[in-house]
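See below for the structure under consideration.
The values are calculated or read from the model by the stated rules, or taken from the named source; none is laboratory data. This structure is a prediction, so every number in the text was calculated from the model and none was measured. Heads up, the Cβs are rebuilt from the backbone with ideal geometry, glycines too, and the neighbour counts pull from every protein chain shown. Accessible surface areas use protein heavy atoms only, side chains included; no ligands, DNA or RNA. Shrake-Rupley method; radii C 1.70, N 1.55, O 1.52, S 1.80 Å.
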Amino acid sequence: MSQHTCLSTPALEQYLAGINPVEEPLLVQLRAETARHRKGAMSIAQEQAKLMVWLAQLIQARNYLEIGVFTGYSSTAMALALPEDGHITACDINVTYTDIARRYWQQANVSHKIQLHLQPALITLDKLIASNQANHYDIALIDADKTPTPHYFERCLQLVRPGGIIAIDNVLLHGRVAQAAGGSESESVLIMRKFNAGLIYDQRIRPLTIPLGDGLTLIQKK
Ligand SMILES: C[S@@+](CC[C@H](N)C(=O)[O-])C[C@H]1O[C@@H](n2cnc3c(N)ncnc32)[C@H](O)[C@@H]1O
């Protein structure tokens, strides 16, 4: 029995990779190409993508909403896992990053499942709500700019069906949310700290934050 989560080491990561479902070869390639990119660390961790896929299959998800596409690691992993009639609404603002994602969607033969909206995500989410897409999505991932996270969450809560899941990445901000409040904290730390602290009081949801990657919050809508 252990009272603590064991810390990740390269040896443990290698061991886990050997006993867990194998990473799709195309995702290995995408991760390697993204790692060479100036902002390569922005993709979700391999284990986070595997958990998202596992949850999507657990709840038999068809419709997935993604806020923050980057070079396409999470969207490609989810598209490969969704059924043939599954659909992804993908939000990003950056053409250069998402051109890489589009290339991998084509190689994975999943382009037909994905609709990319290239504009600030809040605009896309409000349009979806205005066009009667409330309760349409089974699962959502919030993984874009951090300061609007509470606004992304409120929109996702409308768009995801009861029983559906909202995942939020980078909720620990590399541990900065847990450090003693000082005088010069960034806006994102202040916002995420307040947001994280409020989730357990929200009667509309069942939240759980786990130390996977840079912190992943999983929320089930009641
Ligand atoms: C952390 S990366 C997403 C990583 C992605 N989920 C993956 O696994 O590869 C964040 C992305 O959010 C996008 N982004 C930043 N601000 C945004 C906004 N206001 N609306 C939509 N996307 C935004 C960035 O262009 C970037 O591609």
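Considering 140, 101, 167, the condition of being in contact with a strand residue (DSSP E or B) (Cβ under 7 Å, 6 or more places away or on another chain), within 11 Å of the ligand (Cβ to nearest atom) and either under 25 Å from residue 57 (Cβ atoms) or at pLDDT below 95 (or both) is satisfied by 167 alone.
Here is a yes/no grid of residues against (1) out of contact with any Ser or Thr (no Cβ under 6 Å at 6 or more places or on another chain); (2) aliphatic (A, V, I, L, M); (3) over 18 Å from residue 47 (Cα atoms):
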position	(1), (2), (3)
161	yes, no, yes
166	yes, yes, no
172	yes, yes, no
187	no, no, yes
198	yes, no, yes
203	yes, no, yes
214	yes, no, no
217	no, no, no
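Per the conditions (1) among the small types (Gly, Ala, Ser); (2) within 13 Å of the ligand (Cβ to nearest atom); (3) more than 26 Å from residue 135 (Cβ to Cβ), the sole criterion not satisfied by residue 17 is (2). Within region 92-108, the residues that satisfy the criterion of being open to solvent by less than 50 Å² (accessible area, probe 1.4 Å) and either of a type in the set (A, V, I, L, M) or touching a Phe, Trp or Tyr at 6+ places or on another chain (Cβ under 9 Å) (or both) are 92, 94, 97, 98, 100, 101, 104, 108.
One residue is enough: does region 142-149 have a residue meeting the conditions under 20 Å from residue 41 (Cβ atoms) and in contact with a Gly (Cβ under 6 Å, 6 or more places away or on another chain)? The answer is yes, given that some residue of region 142-149 is under 20 Å from residue 41 (Cβ atoms) and in contact with a Gly (Cβ under 6 Å, 6 or more places away or on another chain). Within region 1-19, residues that are modelled with pLDDT of 85 or more have Cβ atoms under 8 Å from residues that are polar (S, T, N, Q) and surrounded by 10 or more Cβ atoms within 10 Å (Cβ to Cβ) in these pairs: 17/46, counting only partners at least 6 apart in sequence or on another chain.
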